[in-house]
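Down below is the structure, laid out as structure tokens.
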Amino acid sequence: MLSHLSDSHRGERPVLLLRAIEPPASGQTRVGTALRASEVVLQNCTAATLAFDGLAAEPIPVADVPGALARQRDALVDLQLVHHFDKEARPIATGYRLRIQVPDKRALDAVDRAFQRHLAVDAPDFGAVDSFLSNRACTGVARAYAEALASYVRGVLVKDRPMAAAVTLPFARYRDLY
């Protein structure tokens, strides 16, 4: 009987691939660059639901999922994939949570201007890094870009150890910050 069940009623877990990589089914995956529909692949999937930014999940045709994800620029996406492989068996489901934040040129340029104002100075310090990150331009979809710039400046401060910066982090940490 077990042999019959495994041969005749075998179901595979539904899978989402983004750029040929499966995001973890637990936790949240950040997507920071625009997806093309061709970069979103669903396997073993017969049904799907999508929820954006905490709203109620809505059914969506499986063929429409890649396009729906590719259109997002700033969204928290909960995707549930289901594989109804046999009418006599319980369907197999897999859920994914994606944080899509794709900044446009205007948002990136605003972060660059804030960087020039706060950190592209003769003697930046950790207070300037905090001021930079507190700038309104450094929030929202461009936050990851701003964090990367801030981390780089922190690395420079830790490596160069200017007297005015009062650096207390160990020298070896500069590589982590870069």
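The table that follows gives values for the structure above.
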| read-out | value |
| --- | --- |
| Count - residues of the stretch 93-142 that are hydroxyl-bearing (Ser, Thr, Tyr) and without any contact (Cβ under 8 Å) to a residue 12 or more places away in the chain | 2 |
| Count of the stretch 32-49 residues which are of a type in the set (Val, Ile, Thr) and at pLDDT below 95 | 1 |
| Candidate set: the stretch 15-29, residues that are under 16 Å from residue 82 (Cα atoms) and part of a strand (DSSP E or B); chosen: the one least open to solvent (accessible area, probe 1.4 Å) | 16 |
| Answer from 90, 117, 106 - the residue that is surrounded by fewer than 16 Cβ atoms within 10 Å (Cβ to Cβ) and under 28 Å from residue 35 (Cβ atoms) | 106 |
| Test: residue 78 is surrounded by 15 or more Cβ atoms within 10 Å (Cβ to Cβ) and acidic (Asp, Glu) | yes |
| Residues (without any contact (Cβ under 8 Å) to a residue 24 or more places away in the chain and either surrounded by 15 or more Cβ atoms within 10 Å (Cβ to Cβ) or of a type in the set (D, E, K, R) (or both)) located in the stretch 63-75 | 64, 68, 71 |
| Which listed residue is surrounded by 15 or more Cβ atoms within 10 Å (Cβ to Cβ) and either touching a Phe, Trp or Tyr at 6+ places or on another chain (Cβ under 7 Å) or touching a residue at least 12 places away in the same chain (Cβ under 8 Å) (or both), from 57, 51 | 51 |
| Among the candidates 48, 57, 123, residue that is closer than 30 Å to residue 160 by Cβ, out of contact with any Lys or Arg (no Cβ under 6 Å at 6 or more places or on another chain) and not aromatic (Phe, Trp, Tyr) | 123 |
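Results for (1) aliphatic (A, V, I, L, M); (2) part of a loop (DSSP other than H, G, I, E, B); (3) out of contact with any His (no Cβ under 9 Å at 6 or more places or on another chain); (4) modelled with pLDDT of 95 or more, shown as yes or no for each residue.
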position	(1), (2), (3), (4)
98	yes, no, yes, yes
110	yes, no, yes, yes
122	no, yes, yes, no
141	yes, no, yes, no
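The values are calculated or read from the model by the stated rules, or taken from the named source; none is laboratory data. No experiment lies behind these values; they were computed from the predicted model shown. Don't worry about glycine lacking a Cβ; one is built from the backbone with ideal geometry, like all the others, and counts go over all protein chains shown. To get the accessible areas, we keep the full protein, side chains included, count just its heavy atoms, and leave off ligands, DNA and RNA. Shrake-Rupley method; radii C 1.70, N 1.55, O 1.52, S 1.80 Å.
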